[in-house]
Amino acid sequence: MFALGDKIVYGSEGVYTVSEYTRSPFDDKDERVFYLLRPLHGSASNVIVTPSEGGSTVMREIMTRDEALALVERVPEIEEIAVEKERLRRDVYREFLKSATADNFVSLIKTVRARREVFLAQKRRLSEADTDFESRAKHCLFGELSVVLDVTVDEAERLVVEKLG
């Protein structure tokens, strides 16, 4: 169970603070303890109420500063996502986001970035799905790095982009 005040990554939604424990606002008979999560980035109205023992969404502690710095250094080594069948791309992207791991966020960002370069060279437009998944991965990764490294989201993005070359 997370402690009050803990900063966590909530699936592909981003970084949240555990602000209180509560009972279910949906069912008076539900005896489980729920977290009330408040976002660190984005709209303050994006409050989430979720069971403390977990549900279908991955919840994890944010990285340590050392883990974040090591991740930034590893960015060039992290593999892009290999998708054998184009029609499965959304499902693969969805699974990478759902895992809520920083490495998978980097993989997704690198994959879409490489696709964008190919599409630009071919004078084609990147799909909305690619840009949407990339945006969500960036929100999660750069939001977490900004909190851990005590920098702005833009500065966190610059750190990663520099490593991408």
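The values are calculated or read from the model by the stated rules, or taken from the named source; none is laboratory data. Please read all numbers here as calculations on a predicted model, not as lab measurements. Using ideal geometry, Cβ is built from the backbone for each residue, glycine included, and neighbour counts are taken over all protein chains shown.
Conditions tested, residue by residue: (1) within 22 Å of Ala137 (Cβ to Cβ); (2) more than 19 Å from the chain's Cα centre (by Cα).
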residue	(1), (2)
Ser24	no, yes
Asp27	no, yes
Ser45	no, no
Ser52	no, yes
Ile62	yes, no
Ala68	yes, no
Tyr93	yes, no
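Of all positions in the stretch 36-44, at least one carries a residue that is under 16 Å from Ala100 (Cβ atoms) and without any contact (Cβ under 8 Å) to a residue 40 or more places away in the chain. Of the residues in the stretch 96-103, at least one is outside any helix (DSSP H, G or I), in contact with a Gly (Cβ under 8 Å, 6 or more places away or on another chain), in contact (Cβ under 8 Å) with a residue 24 or more places away in the chain and hydrophobic (A, V, I, L, M, F, W, C). Could you please let me know if Pro76 is over 17 Å from the mean Cα position of the chain (by Cα), in contact (Cβ under 8 Å) with a residue 12 or more places away in the chain and in the same structural domain as Ser12 (by TED's automatic domain parsing)? So Pro76 does not fit the description; no. Can you find even one residue in the stretch 66-83 that is surrounded by 18 or more Cβ atoms within 10 Å (Cβ to Cβ) and under 28 Å from Phe34 (Cβ atoms)? No: the stretch 66-83 contains no residue that is surrounded by 18 or more Cβ atoms within 10 Å (Cβ to Cβ) and under 28 Å from Phe34 (Cβ atoms). One residue stands out in the stretch 112-153 among those that are polar (S, T, N, Q) and closer than 22 Å to His41 by Cβ: the one that is surrounded by the most Cβ atoms within 10 Å (Cβ to Cβ), namely Ser146. Looking across the stretch 54-64, the residues that are touching a residue at least 24 places away in the same chain (Cβ under 8 Å) and either under 18 Å from Ser12 (Cα atoms) or surrounded by 12 or more Cβ atoms within 10 Å (Cβ to Cβ) (or both) come down to Thr57, Val58, Met59, Arg60, Glu61, Ile62, Met63.
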